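Let me begin by presenting the structure, written as structure tokens, before commenting on it.
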Amino acid sequence: MVVPPLLRAVIMGPPGSGKGTVSARIIKHFGMKHLSSGDLLRDNMQKKTEVGILAKSYIDQGQLIPDDIMTRLMLNELKGLDQYNWLLDGFPRTVAQAEALDKECQIDTVIDLDVPFETIKCRLTARWIHPASGRVYNLEFSPPKVQGIDDITGEPLVQRDDDKPETVTKRLQAYDAQTKPVLEYYREKGLLKSFSGTETNKIWPHIYAFLQTKLPDVSQQDAATPR
Ligand SMILES: Nc1nc2c(ncn2[C@@H]2O[C@H](COP(=O)(O)OP(=O)(O)O)[C@@H](O)[C@H]2O)c(=O)[nH]1
Ligand SMILES: Nc1ncnc2c1ncn2[C@@H]1O[C@H](COP(=O)(O)OP(=O)(O)O)[C@@H](O)[C@H]1O
């Protein structure tokens with residue numbers, strides 16, 4: 001039996017473009033391992049690790065964590081996933097990070113969520129998360145069954161400190177200056193697949209169709225109506 005090669009994918013897009021939301025659907029349908037740099041940093045902050053304490057000062061200011069720290073943290077996590085198809089979310093965010101990642105493995109595809117900044121700003125102030133799992137809700141788009149409570153564990157939801165309007169503006173500036181060049185980097189390599197729109201539910205069927213050309217749907221649901 002020929003074993004297909006493992007898929008190495010990255011999901012990109014500005015803060016609030018829906019990376020976490022789309023990643024959850026990708027994992028459900030295609031069974032990939034999801035590694036989110038933001039979730040990993042928040043976990044470190046909550047546990048008050050050395051990286052977590054350092055990261056907090058940058059995150060609270062809407063700035064990126066220095067490349068060497070971020071790269072070490074993520075490449076170390078990836079070591080444990082080398083037997084799986086994986087999806088990186090939030091990393092790489094600078095060209096230096098992308099180059100460091102390239103030295104370790106060959107990326108197959110980069111999914112870019114191209115969502116306008118104006119759409120994003122409103123979304124983030126209505127975002128609530130369950131920190132332990134990374135599950136993400138939105139008061140209008142995807143509210144929890146009970147207000148303020150995670151659907152699965154019954155634990156309380158929190159708002160991210162960096163979703164304050166002033167910090168969101170700084171994060172969008174950092175995206176423009178530092179992360180957009182990464183899109184160009186992957187475009188030049190022929191790996192970038194951009195999906196444009198203002199609603200995740202309209203973008204998702206296109207991403208689903210694209211990934212179906214690479215991986216089988218492992219979910220129990222009817223593949224004709226992906227959700
Ligand atoms: N109104 C609206 N909110 C959305 C849509 N897609 C995602 N969201 C919400 O927008 C916020 C940001 O999405 P998230 O997946 O966390 O984005 P990320 O920062 O790129 O990982 C969350 O509160 C989501 O529930 C959408 O199509 N419409
Ligand atoms: N690859 C990275 N390089 C540097 N900083 C990062 C990286 N990933 C996450 N961060 C930091 O963590 C914050 C939150 O990241 P994330 O949860 O991915 O948020 P979002 O996609 O909503 O901007 C970022 O604003 C940044 O300060």
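Coordinate-derived values only; no laboratory data. For clarity, every value in this text was computed on a predicted model and none was experimentally measured. Here Cβ is always computed from backbone atoms with ideal geometry, including for glycine, and neighbour counts include all displayed protein chains.
The table below lists the values:
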item	result
Separation of the VAL146 and GLN61 label points, Cα + 7 Å toward Cβ, nm	4.1 nm
Farthest toward positive dipole pole in the range 13-212 [+1 Lys/Arg, -1 Asp/Glu at C-beta], among LEU40, TYR208, THR167	TYR208
Within the chain: Cβ-based charge dipole about Cα centre, in debye rounded to nearest 20 (Lys, Arg +1; Asp, Glu -1)	220 debye
Within the chain, helix-based [θ] at 222 nm, where runs of 4 or more DSSP H residues each add -39,500 (n - 2.57), nearest 500	-13000 deg cm²/dmol
Distance-filtered residues of the range 115-130 - backbone nitrogen under 15 Å, label point 7 angstrom along LYS202 Cα→Cβ	115-120
Cα shape, the range 93-227, gyration tensor, a/c 1.5 rule	oblate
Extension gain, GLU184 back to GLU104 (0.36 nm per residue minus Cα-Cα distance, nm)	26.8 nm
Rg/Rg_ref, the range 13-212, where Rg_ref = 2.2 N^0.38 Å and atoms are Cα	0.98
Stretchable slack from GLU166 to GLU118, in nm (0.36 nm times residue separation minus alpha-carbon distance)	15.9 nm
